[in-house]
Amino acid sequence: MLVLLSAFAQAQESIERLVADDAARLLTHADALVRGEAALVVAAAGRSDLLPKLVDLSRDGDDRTRQRALLALAYLPAPSTVRRLEDQLDSVEGRCTADGSAAAFALGAMRDDQGSGALARVLSTFPYASWKRQHDTLVALLLGLDTRGEPREVTALRRLYDDDANRDPVVRALLLRLLLPVDRTIDLDFVRRTLDHGSDAEVTALLQWLAEAGTPFDASIAEPLERITKKARNEAHRTAALAALTRLRHQPALELANRALTSGGPAECAQGLRTLLAIGGARQRRDLEARVLGETDAARQAALLANFDAPPSAAMVDACARLAASRSSPFALRAAAAVVFAHGDADRAGPLLRDLFRATTDAATLPRLAAALQGQANTPAMSRLLDFAAEPWRQPQRWSALLQVQHPEATRQLLQVLAEPSTPANVLAAALTAWRRPHVPAPKAAGEALPAVLRAIFE
C-alpha cells in the first residue's frame, strides 16, 4: 500500500510539473486572462524561477492580468514580491483601488516571515485614513491572513479591533476571528460581553471559534451557550452554539439537538443531526434514519442527508436510491441522497451518480458527486460524465470538479489543451481556471462584503 501511495504521489507531482511548465509558456500569451490565470498556476506550483516575470505582470496594462499576478505573488515570498505588494499599499490612493485589494489579500496570505514587517507597517496605516474608503482593502487583507492560520501580528490587529472609529461589523468580526486563537489578553469577561453585546457578525465569529477547538473557557461557557441555543433569534448563533456544546460533549445538548432537528432551518437541523450522532452514538441511528427520510422540506432533508455520517442501513440505502432517482426533487436533495446511496452500495449507485453529475444545475453539488464517482471501483469515462466530453472547457465547473478528484481523463485532456499551440485563448483560459480552482485557495466566505476583485477572480 505504501508503495502504491508513493507511486501515486509521484505521478501527481509529475502532472503538476507538466501543467506548470505549460502555464509558464503562457505567461507571454496575447490574451490578458490567459496571462493572469497562468501567473496564478505557476505561482501555486512554487515556480520561484519565474519571479521576475510575475513581478512584471503585476504591472501589466490589463486589469485581468495585473490583479491576478498581484494575487500570485502571495505564493512566492521573496524580497522582490514583498516590495511590490508594499509599494501598491504604501499610499491611501494605492490602497483604495481594486489593485490595492488584490495586493492586500496577497500580503495577508503570504506564508512566510518575508512579509511580516511589511504586513505590520500596512496594518498600522489604516487608522490614519478613512475606514470607509479603505474598507475593501482591509477586508481583503484580513481574508488573506485568514487563509494561512494563526497570525503573528497580534498587537496591530488588536489595536485595529479596539479603535473607536472601527464600527464596521464585518471588519470587526474578521479581526475577532483572527485574534481569538492568539490573543492571550482575551478573558471570560470579554467572551461574555461579546456574546451579550457584540454585533451579529462578531457573535457568530466567537461562537464558531468556541465550536472548533478547545479554549480556556470550556469549563465556564456551557450555560451561556445553552441560553443562546434556546433563545437566540439568529439561526447562525443557535447553530454555532449547539456545535460548541457538542464539542464539549454537553449531555443536555441532546434535547436541544432534538428541538433543532424538528424546528430549525437547514443549517440548524443539520447541526442537530451531527450533535445526536456525536453524543448519542450509534444507538440513535435507526431513529435518526426515520426522521431524515420522513422530513418533508426538501432543503432540510438535503442538509440532513449531506451530514449523515453514520453507515446507512439497507432500508436507508434503498430509500436514498429512490430519492436520488426522483426527477421531481431538487438537484441538491438528489445529490445528497445519491452520495449516501453510494456509501451503502457503490456499485448500484454508479449510474445514478453519473446521471446526476451530468445533469445537475446545482454547481455546489459537483465536488461531492465527483468524489463519490472517484470512489467507485472503475472510474467512469468522461463521455459518461459530460455532454461535451471532447470539449470539457464548455462545462468548466464540471471539468474543475473532475480535476479536483484527479480524474485521469480530465487531467489528460487538460495537458493536451495546454500543450497544443493552436488552442484558442478562451479554451486556454478555461483550462487554466479549471486547474487553478482546486489548487489556489479561495478566500473564506465574507458574504456581500467580499471585495469585487476577489469575487471576480475566485467565484
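Checking each residue in the stretch 190-234 for being among the charged types (D, E, K, R), part of a helix (DSSP H, G or I) and closer than 18 Å to Q251 by Cβ picks out E223, E226, R227, K230.
Residue under question is V122, and the condition is that it be touching a Lys or Arg at 6+ places or on another chain (Cβ under 9 Å), open to solvent by 20 Å² or more (accessible area, probe 1.4 Å) and of a type in the set (V, I, T); does it hold? So V122 does not fit the description; no.
Listed here are the residues, each with its yes/no results for (1) open to solvent by less than 10 Å² (accessible area, probe 1.4 Å); (2) at pLDDT below 95; (3) of a type in the set (F, W, Y); (4) touching a Cys at 6+ places or on another chain (Cβ under 9 Å).
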residue: V42; (1), (2), (3), (4): yes, no, no, no
residue: A72; (1), (2), (3), (4): yes, no, no, no
residue: E93; (1), (2), (3), (4): no, yes, no, no
residue: G100; (1), (2), (3), (4): yes, no, no, no
residue: Y128; (1), (2), (3), (4): no, yes, yes, no
residue: K132; (1), (2), (3), (4): no, yes, no, no
residue: A140; (1), (2), (3), (4): yes, no, no, no
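Among the criteria (1) of a type outside the set (A, V, I, L, M, F, W, C); (2) in a loop (DSSP other than H, G, I, E, B); (3) touching a helix residue (DSSP H, G or I) at 6+ places or on another chain (Cβ under 6 Å); (4) open to solvent by 20 Å² or more (accessible area, probe 1.4 Å), the one D136 does not fulfil is (2).
Checking R111, R84 one by one, the residue that is under 16 Å from A43 (Cα atoms) and assigned to a loop (DSSP other than H, G, I, E, B) is R111 and no other.
For the stretch 306-330, the tally of residues that are surrounded by fewer than 18 Cβ atoms within 10 Å (Cβ to Cβ) and assigned to a helix (DSSP H, G or I) stands at 5. Considered as a group, the residues in the stretch 184-195 that are farther than 12 Å from T215 by Cα and among the charged types (D, E, K, R) include one that is least open to solvent (accessible area, probe 1.4 Å), and that residue is R192.
Check the stretch 284-305 and report whether any residue there is assigned to a loop (DSSP other than H, G, I, E, B), open to solvent by less than 20 Å² (accessible area, probe 1.4 Å), closer than 30 Å to L225 by Cβ and without any contact (Cβ under 8 Å) to a residue 40 or more places away in the chain. Looking through the stretch 284-305, none of the residues is assigned to a loop (DSSP other than H, G, I, E, B), open to solvent by less than 20 Å² (accessible area, probe 1.4 Å), closer than 30 Å to L225 by Cβ and without any contact (Cβ under 8 Å) to a residue 40 or more places away in the chain. For the stretch 243-258, a tally of residues being over 18 Å from D309 (Cα atoms) and assigned to a helix (DSSP H, G or I) returns 5.
When only residues in the stretch 259-278 that are in contact with a Gly (Cβ under 7 Å, 6 or more places away or on another chain) and either part of a helix (DSSP H, G or I) or at pLDDT 95 or above (or both) count, which is surrounded by the most Cβ atoms within 10 Å (Cβ to Cβ)?
Restricting attention to the stretch 259-278, the residues satisfying the condition of being in contact with a Gly (Cβ under 7 Å, 6 or more places away or on another chain) are 260-261, 264, 272.
From the residues that got through so far, the ones that are either part of a helix (DSSP H, G or I) or at pLDDT 95 or above (or both) too are 260-261, 272.
Values: A260: 26, L261: 22, G272: 29.
So the residue we want is G272.
On the stretch given as the stretch 331-360, residues that are closer than 18 Å to P312 by Cβ and either open to solvent by less than 10 Å² (accessible area, probe 1.4 Å) or not in a helix (DSSP H, G or I) (or both) total 12. Of the helices (runs of 4 or more DSSP H) lying entirely inside the stretch 386-459, those carrying at least 2 residues that are within 22 Å of L369 (Cα to Cα) are 396-404, 408-419, 425-439.
One residue stands out among those in the stretch 203-223 that are in contact with a Ser or Thr (Cβ under 8 Å, 6 or more places away or on another chain) and within 14 Å of D183 (Cβ to Cβ): the one that is surrounded by the fewest Cβ atoms within 10 Å (Cβ to Cβ), which is W209.
When residues in the stretch 142-161 are screened for being open to solvent by 10 Å² or more (accessible area, probe 1.4 Å), within 16 Å of L85 (Cβ to Cβ) and either more than 23 Å from the chain's Cα centre (by Cα) or not basic (K, R) (or both), 2 of them pass. For the stretch 333-383, the set of residues classified as within 22 Å of the chain's Cα centre (by Cα) and among the aliphatic types (A, V, I, L, M) consists of L333, A335, A336, V339, A363, A364, L366, L369, A370, A371, A372, L373, listed by residue number. Which of the residues spanning the stretch 365-385 are surrounded by fewer than 20 Cβ atoms within 10 Å (Cβ to Cβ), of a type outside the set (D, E, K, R) and part of a helix (DSSP H, G or I)? Scanning the stretch 365-385 gives P367, A371, Q374, S383.
For the stretch 111-118, state whether one or more residues are more than 16 Å from A165 (Cβ to Cβ), open to solvent by less than 40 Å² (accessible area, probe 1.4 Å) and in contact (Cβ under 8 Å) with a residue 40 or more places away in the chain. Scanning the stretch 111-118 turns up no residue that is more than 16 Å from A165 (Cβ to Cβ), open to solvent by less than 40 Å² (accessible area, probe 1.4 Å) and in contact (Cβ under 8 Å) with a residue 40 or more places away in the chain.
The values are calculated or read from the model by the stated rules, or taken from the named source; none is laboratory data. Everything quoted here is computed from the prediction, not taken from an experiment. Every residue, glycine as well, gets a Cβ built from its backbone with ideal geometry; the counts of neighbours run over all protein chains shown. Note: areas computed on protein heavy atoms with side chains; ligands, DNA, RNA excluded. Shrake-Rupley method; radii C 1.70, N 1.55, O 1.52, S 1.80 Å.
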